[in-house]
Each structure stands twice: as structure tokens, then as C-alpha cells.
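The values are calculated or read from the model by the stated rules, or taken from the named source; none is laboratory data. Quick caveat, the model's predicted, so the values are computed rather than measured. Cβ placement follows ideal geometry from the backbone for every residue including glycine, while neighbour counts extend to all protein chains displayed. In case anyone asks, the SASA skips ligands and DNA or RNA and just uses the protein heavy atoms, side chains included. Shrake-Rupley method; radii C 1.70, N 1.55, O 1.52, S 1.80 Å.
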Amino acid sequence: MFPIQSTTIKVKGKPVKVHAISTGSVKVKTKFRAATKKGLFAKLDFVFDKEFTEWVPIWVWVIEHPEGIIIVDTGINANINNEDYFKSTGIINNWVNTSLFKFKIEPEEEIESQLKTIGISTKDVKKVILTHMHIDHFDGLKFFKNSEIVINKFEWTNNKESLPSLYPDWLRPNLVDLTQSFSVFDKSCSLTKANDMHLLFTPGHTVGHCSVLLSGDDHDILFAGDITYLEEQLINGEFSGSIQDDEGNIETYEKILQHSQKRPLVFLPSHDVKAGERLVNKVTFESSLQA
Ligand SMILES: [Zn+2]
């Protein structure tokens, strides 16, 4: 289990607590995390890859924003331990999710229990932002019936790897259009009245993948979803094996590098074991580049 990591940053002069909570863990094929080939070959390569990575975290980000608590992604829930969990998703999806990935989570690692340990009830969560519609990002939704669920409309409509039979029945997300521009990102949408959090279009991993940027007074934090699995991949321009939009992926990498030259940026992918420490120690992308 990966322990909760918490920090406080200043946003418009006010202290804002930010927590990294890993809701269980996942293993993926090594060539899924880091591709050695491109396009379809990269996909075939990880399907036939026999080697799995070590257990890696599934980070959920909790922002105690003055306008209300916002969380980014929701992790997995303990039902995933049942052998039949993916049966309702069809034969292919069942095979993909039980053969290419390994998930594990104890009930006390679910997002609801872990939020309780830091004094937050799921009822207090104002907004849940999903970076993309993969199981390890949406599967904790069941705890947030009373929250506004925000998803990029394009991702909701076009991600063919989504598993709608596993969504809660009550799910009626707020599907947003990314009609604003912010910094170097030409498709985005403000998430707060204070304009200090933005949903940014960062396609590649999925066609409508988004990241969430929190603009602090001293540095920005990018909750990066699955843009990469590790910070090093962005530094070295390396792709992961599962890319839905190759061109989008290249542009996404470029835009993040450009933004990191304008503002100190802490880059936090969802499955990067070091992301929690970088959040707490405010390790910027620039300092990782120089290391
Ligand atoms: Zn994903």
C-alpha cells in the first residue's frame, strides 16, 4: 500500500491542502508502460509481452479548494477483486482487463475509507473531475452520488475503451466543452470561479484525455492522468504502449514542456510511484530535467 501524501500550497494567497491517495494498485505489461515500437506494433508488443511491471499506485488527487473539495479521478473499488467483475463488459473487454492488467485493492484502500482518515466525507466532495474513462480512474465513482461529476464531452463520446456497464446507474455527468484557451493550451475549461483550476485537453493516451492544472502562487501542479506513466517518459520523449492518438500525444508533450518554461510545474502522472513525493517536496519538472 502507498501511504497518503499531503501538502499545503498557496493559491491566490490562501493555503490549499492537496493530498495524494493511492486507491489500490495496478500492474501493467512492461511494454504497455514503455513502448519500444510505434502504433499498432506497440499494441501487439504489449499484448504478447509476458512481463508485468511492479505494483504501481493509482493516485487520486484531493484538493481542499476554498470553493469546495475537488477530487481528480476516483481509483478502483474492491469489487474489482471478484473474478466476474468484468463479465458484463463483454468477452474482449473481460479478457483485456483480466489478462493485460492486474488490480488489487483492500476495502480500506477505497477512496471513501481513505478520505475518512483525513477527515473528509464523500458527501463533502463538491466536484469529481475524471481525466479519462478508464476503469482505474472512474471505478470509485460509486461513492460520489452527491457530487458534480465533470468529464470532457469528447472523451465521454469517443473513448471506445470505456466500460459503461460498470458505471453507477445514477451517473449523469456534467459533460463539458473545452472552449477556452489557457496558457499554451488552446482547449480548456475553467473549473473554479477563481480561475485557478483548469481542465486541459491533453490527448494521446485516449482521444479525449484531459489533465487538471492547479495554479499556485509559487508553482503550478499538473494532475496529469495517464499522459505518461513516469515523469522520465516526458523528459525523454518516450511513449507508452497504449496511445489512442499518436499526433495528439506529441503535441501534448510539447505543450507541457512549453508551459513548464513559463511557470514552475510539478508534473504528477496517475501511476508514477514518485508523484506523491514530488507533490510534497514541490519538485518541479525543471529541477527533474536538471537532475
Ligand atoms: Zn488510462
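Values as computed for the structure displayed
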read-out	value
Residue in the stretch 92-102 that is touching a residue at least 60 places away in the same chain (Cβ under 8 Å) and within 15 Å of Thr23 (Cα to Cα) present	yes
Set Ile256, Ile235, Ile227: member being in contact with a helix residue (DSSP H, G or I) (Cβ under 7 Å, 6 or more places away or on another chain) and open to solvent by 40 Å² or more (accessible area, probe 1.4 Å)	Ile235
Matching residues, the stretch 5-52, being open to solvent by less than 40 Å² (accessible area, probe 1.4 Å), farther than 19 Å from Ala275 by Cα and at pLDDT 90 or above	Val11
Contacts under 6 angstrom Cβ, first residue in the stretch 192-205 being under 18 Å from Asn158 (Cα atoms), partner part of a loop (DSSP other than H, G, I, E, B) and at pLDDT 95 or above, 6 or more apart	Leu199/Leu191; Phe201/Leu178; Thr202/His209; Thr202/Ile227; Pro203/His209; His205/Asp226
Matching residues, the stretch 113-136, being under 20 Å from Ser6 (Cα atoms) and within 16 Å of the ligand (Cβ to nearest atom)	Ile129
Residue among Asp272, Asp245 that alone is within 16 Å of the ligand (Cβ to nearest atom), of a type in the set (D, E, K, R) and either more than 15 Å from the chain's Cα centre (by Cα) or open to solvent by 60 Å² or more (accessible area, probe 1.4 Å) (or both)	Asp245
The stretch 192-207, residues that are over 13 Å from Asn249 (Cβ atoms) and among the small types (Gly, Ala, Ser)	Ala194
Count - residues of the stretch 228-263 that are outside any helix (DSSP H, G or I) and either touching a residue at least 24 places away in the same chain (Cβ under 8 Å) or among the small types (Gly, Ala, Ser) (or both)	13
Any hit, the stretch 124-139, residues being aromatic (Phe, Trp, Tyr) and farther than 22 Å from Lys17 by Cβ	yes
Residue in the stretch 161-169 that is open to solvent by 30 Å² or more (accessible area, probe 1.4 Å), away from the ligand (no atom under 16 Å from the Cβ), closer than 29 Å to Phe32 by Cβ and touching a residue at least 40 places away in the same chain (Cβ under 8 Å) present	yes
Residue within the stretch 3-22 that is part of a helix (DSSP H, G or I) and more than 16 Å from the chain's Cα centre (by Cα) present	no
Count - residues of the stretch 214-224 that are open to solvent by less than 10 Å² (accessible area, probe 1.4 Å), part of a strand (DSSP E or B) and more than 17 Å from Glu251 (Cα to Cα)	4
Test for Ser165: is it over 18 Å from the mean Cα position of the chain (by Cα) and assigned to a helix (DSSP H, G or I)	yes
Flag for Thr228 being in contact with a His (Cβ under 8 Å, 6 or more places away or on another chain) and within 16 Å of the ligand (Cβ to nearest atom)	no
Tally, over the stretch 179-194, of residues that are closer than 22 Å to Phe144 by Cβ and either of a type in the set (D, E, K, R) or touching a Leu at 6+ places or on another chain (Cβ under 7 Å) (or both)	3
Exclusive hit being within 16 Å of the ligand (Cβ to nearest atom) and open to solvent by 40 Å² or more (accessible area, probe 1.4 Å), set Asn158, Asn79, Asn146, Asn152	Asn158
Those helices (runs of 4 or more DSSP H) lying entirely in the stretch 84-140 with at least 1 residues touching a strand residue (DSSP E or B) at 6+ places or on another chain (Cβ under 8 Å) and on the phi < 0 side of the Ramachandran plot	111-117, 135-138
